[in-house]
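What follows is a single structure, written as structure tokens, with notes after it.
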Amino acid sequence: MKFDKSLLKTVLFSLGVVTFVIATYQTVLQNDLVRNYWIYMISLSCWLPLQYWRRQEARRAKEIEVAKQVAALNKPTGKKKGKKR
């Protein structure tokens with residue numbers, strides 16, 4: 001069985017949004033943030049891995065871009081500099 005990371009990202013994002021909406025609704029309904037703090041923490045714990053993975057992907061993309069630029073700079077031009085006679 002192959003693990004689908006994009007499905008996990010979708011589920012975590014959805015769970016984070018749903019728990020945030022529920023926590024906000026309960027906070028407004030009960031007028032007590034402290035009693036619903038744990039629901040906000042569930043929402044936050046769903047979003048933290050998403051942010052971490054996005055930063056990893058951005059870093060990887062930047063490293064690939066820099067590696068391409070370095071390879072282009074180190075590519076030989078084909079012209080040999082020699083003495084004219």
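Every read-out reported here was derived from the displayed coordinates using simple, explicitly stated rules and does not represent laboratory data. What you see is a predicted model, and the numbers here were worked out from it, not measured in a lab. Heads up, the Cβs are rebuilt from the backbone with ideal geometry, glycines too, and the neighbour counts pull from every protein chain shown.
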Which condition does residue 73 not pass, out of (1) outside any helix (DSSP H, G or I); (2) exposed (fewer than 10 other Cβ atoms within 10 Å of the Cβ); (3) not β-branched (Val, Ile, Thr), if it passes all the others? (1)
List every residue pair whose Cβ atoms lie under 8 Å apart, where the two residues are 6 or more positions apart in sequence or sit on different chains, the first residue falls within segment 1-27 and is in contact (Cβ under 8 Å) with a residue 60 or more places away in the chain and surrounded by fewer than 13 Cβ atoms within 10 Å (Cβ to Cβ), and the second residue, located anywhere, is assigned to a helix (DSSP H, G or I) and among the aromatic types (Phe, Trp, Tyr). none
